[in-house]
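All remarks here apply to the structure that follows.
What follows draws every value from the coordinates through simple rules; no lab data is involved. Predicted model, so just to flag it, every value in this text is computed and none were measured. Glycine also receives a Cβ, built like all others from the backbone with ideal geometry; neighbour counts cover every protein chain displayed.
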Amino acid sequence: MISLQLTTSSTVARSRGGLKEAHRRLVSWRRDLRRGAHEAGRLFGFTRHHRATLVLAGLATAAYGGASTLLARMVMPIVDEVLAKDVPNQTWQVVMICAVIVALYVVKGVSSYLSATLVASVGHHAVKDLRNALYEHMLRQSFRFVSRRSTGSLMSHITTDIERIQTAVSETAGDLLREGFTVIGLASYLFYRDWRLALLSIVGMPLAFYPLVLLGRRLRASSETSLSRWRSISEILHETLSGFRIVKAFAMERFEIERFRRASTRLFHVNMRITRTTSILPPLMEAVGAVALVAGLLYGSSQIRAGRLSPGAFSSFLAALFLMYTPIKRLSRVNATLQAALAAGARVFEVLDVHEEIREAPDAVALGPMQREVEYRDVGFRYADTQRNVLRRVSFSARSGEILAIVGMSGAGKTTLLNLLPRFYDVTEGKILIDGVDICSATLASLRGQIGLVAQETVLFNDTVRANIAYGLQHVDVTLVENAARAALAHDFILDLPRRYDTVIGERGSRLSGGQRQRIAIARAILKDPPILILDEATSSLDAESERLVQQALANLMRGRTTLVVAHRLATVRNANRIVVLDGGEVRQVGTHEELLRDLGGLYAHLHELQFRTEDPTL
C-alpha cells in the first residue's frame with residue numbers, strides 16, 4: 001500500500017512537472033510570437049510611403065494564386081469531357097480547354113513578374129529607408145552613445161544586419177505573398193470540391209506545424225548568434241586595419257590571423273547549425289504530404305466506386321493537392337530567412353530605440369555671432385556611467401579676441417571642458433554662456449556654426465584636398481579655398497601633390513604627413529571663419545619643423561578670434577592672454593604666464609619646472 005502511494009505521488013509530481021514545463025513553453029512561445037509580430041510590424045511600417053504599390057502587388061499576387069487554382073480546376077473537364085468520352089465533334093471543346101490553359105499560364109506568368117518586381121520595389125525602398133534612418137539616428141547621437149559601442153559593432157548594424165533584412169525582402173517577400181495566396185486559393189478549392197476529402201488530406205498539417213514553430217525558434221536563436229559572430233568579425237577587422245601600423249610594428253600578424261580564424265570558425269559552426277535546421281523542413285513537409293496523399297487516395301477511390309465522385313473531380317482534387325504542397329515547402333524555407341531577418345531587425349531596432357542625442361530646447365533661439373565673451377559659470381560635469389564629477393565649480397571667461405589657454409596634469413579634465421562648449425556633452429551643473437545666452441537654449445546649428453575645432457587627432461576624409469578644406473560648406477569659390485590654404489601654409493605642399501587640390505588624400509589623410517594633415521585641418525577652420533576657436537593639443541604629436549609651420553598657421557588662424565587652447569607643452573601657451581590651470585577638475589590658478597611663474601608654490605610653476613628643468617630657465 002505504501003509503495004502504491006509513493007508510486008502515485010511520484011506520478012502526480014511528474015505530471016505536475018510536465019504541466020509546468022508545457023505551460024512554460026507555451027508562455028515562452030507566445031512571448032516570442034508577440035515579439036516577432038511586433039518587430040515584423042515595425043519593419044512593415046517602413047512601407048507606409050509605398051502602400052499603393054503594395055496594393056498593386058497584392059492584386060497581382062492574388063491573380064497568380066487564382067490562376068494556379070483554376071489550372072487545377074481544368075483537370076476535371078480534361079478527364080471527364082475529353083479523355084473519358086468518345087465524342088466525334090469534341091475538337092472545338094479541346095481547343096477551348098487548351099486556350100483557357102494557355103491564357104491561365106499567361107496570366108500566371110505576368111502576375112508572377114508583376115508581383116515579384118512590385119514587392120521587391122517596395123521592399124528595397126523600405127530597406128533603404130531603414131538603412132538611412134539607422135545611419136541618421138547614429139549621427140544624431142551624443143559622444144556618449146559612440147563611446148559605449150565599438151565602431152565595428154555599429155558598422156555591423158549598417159552592413160550585416162541590414163543585409164539580412166535585404167535578403168529576406170529580395171528573396172522571400174515575393175515568395176511569401178505568391179505562395180501564400182496560392183495555398184489559400186488551392187485549399188479553398190479543395191474544400192469546395194469535397195470538404196471531407198479536404199479535411200482528410202490536410203489532417204497532417206497540424207502535425208507539421210508544431211515542429212515548424214520549434215524549428216523557427218531555434219532558427220531565431222541561431223540567427224541572433226550568427227549576427228553576434230558577424231559583429232565580432234567586424235570589430236576584429238576594423239581594429240586590425242585601423243591599427244595596421246601597430247600590428248606590423250609588434251609583429252602580431254600571426255596573432256591577429258589566429259584571432260580572426262577563431263571568430264570565423266565560430267561563425268561557421270553557427271551557420272552550419274542554421275543550415276541543418278533549415279534542411280530538415282522540406283523532408284518534414286514531404287512526409288506529411290505523403291501521408292495526406294495516401295489518405296486521399298484511399299478515401300477518393302472508395303468515393304469513385306460508390307459513384308459519389310467522378311474521376312475528373314478526383315484527378316482535379318489530386319492536382320490541387322500536389323500543387324499546394326510545393327508552395328508549402330517553399331514557405332517552410334521562407335520561414336528560415338524570415339527568422340534571420342527578424343533577428344537582424346531586433347538588433348537594428350535596439351539601436352533605433354536608444355536616444356542619447358543632445359536635444360534642443362523646444363523654444364531654442366538662433367545664437368548670433370559672438371561679440372563680447374564666452375563664460376563658464378560654476379560648471380560641473382560627470383559622465384553618465386560614473387558617480388564622480390570630472391569637473392567641479394569651474395568658472396572663467398574668455399573675452400572677444402582673447403587667447404585663453406587651459407593647462408593641467410593628464411586627466412585634469414581639459415579636453416572635457418572644451419567638449420562642453422559645442423555641446424558634445426551637456427553640463428550637469430552650472431551654465432556656459434555666449435554673450436550672456438545659455439548655450440543650452442540655443443539651436444545646435446547656430447552654436448556649432450560659430451565654433452572651429454582643430455584637435456590633436458586630425459580627422460580628414462577619403463576625398464580631395466579641396467573637399468576636405470571646404471568640408472561642411474557648399475558652392476565655395478576656388479579662390480577662397482586656396483586663400484585658406486595659403487593662410488594655413490598648406491598651399492605650397494598642395495601644389496606638389498599629383499593632382500594638386502584635386503588629389504584624393506586617402507582614409508584619414510593617410511597619404512599626407514602629420515604636419516600636412518594638421519595644416520589641412522587649419523585651412524578648413526580658416527575657411528569656416530568662426531568667431532570662436534578650440535585648439536586641443538593641436539601640435540603635440542609633430543616634429544620640430546612641422547610644429548613650427550603649424551604654429552605659424554595657427555597664429556594666422558587665431559588672429560581676431562576668441563581662442564581656447566589646450567596644450568601639454570607650456571611653451572605653446574606662454575603667449576596666451578590668460579592661462580587657466582586645472583587640477584582634479586577644479587580651477588586652481590588663473591593668470592598670465594609671468595604671473596603664474598611668480599607664484600613659486602603654484603601648480604603652474606611646478607609644471608613649468610618639470611618640463612623645462614634641463615633647459616634655459618629664461619624660457
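Counting other Cβ atoms within 10 Å, which trypsin sites (Lys or Arg not before Pro) in region 471-544 have at most 12 and lie in a DSSP loop? If you can, show how the numbers build up before the last one.
Working: sites: Arg486, Arg499, Arg500, Arg508, Arg511, Arg517, Arg519, Arg524, Lys528; in loops: Arg499, Arg511.
In loop regions of region 471-544 (DSSP not H, G, I, E or B), the sparsely surrounded trypsin sites (Lys or Arg not before Pro) are Arg499.
At the listed q of 0.15, 0.18 Å⁻¹, the Debye profile of region 456-529, built from one uniform point per Cα, gives log10 I(q)/I(0) equal to -0.39, -0.57.
Among Asp477, Asp378, a tally of other beta-carbon atoms within 10 Å of each Cβ gives an order, fewest to most, of Asp477, Asp378. Subtracting the Cα-Cα distance of Ala251 and Arg308 from 0.36 nm times their residue separation leaves 12.1 nm of extension gain. Note on Asn132/Val476: beta-carbon distance plugged into 1/(1 + (r/R0)^6) with R0 of 30 Å gives a FRET efficiency of 0.70.
Computed from the Cβ-Cβ distance with R0 of 51 Å, the FRET efficiency linking Val146 to Ser188 stands at 0.40.
Stretching the chain fully between Ser279 and Leu600 yields a gain of 107.6 nm (0.36 nm per residue, less the alpha carbon separation). Return, ordered by residue number, the residues of region 572-588 whose backbone nitrogen is under 13 Å from a label point located 7 Å along Cα→Cβ of Arg388. Inside the label zone: 584-586. With both labels modelled 7 Å from their Cα along Cα-to-Cβ, the Cys98 to Thr592 distance reads 10.8 nm. For a modelled paramagnetic label at Ala445, 7 Å from Cα along Cα-to-Cβ, the residues of region 336-376 in reach, with backbone nitrogen under 11 Å, are 366.
With a cut-off of 13 Å between beta carbons, the residues surrounding Val427 carry a summed charge of +1, where Lys and Arg count +1 and Asp and Glu -1.
Using R0 = 41 Å, the C-beta based FRET efficiency linking Gln551 and Phe260 works out to 0.45.
Extension gain Tyr105-Glu357, at 0.36 nm per residue separation less the Cα-Cα distance, in nm?
Details: separation 252, 0.36 × 252 = 90.72 nm, distance 5.53 nm.
Contour length minus the Cα-Cα distance gives 85.2 nm.
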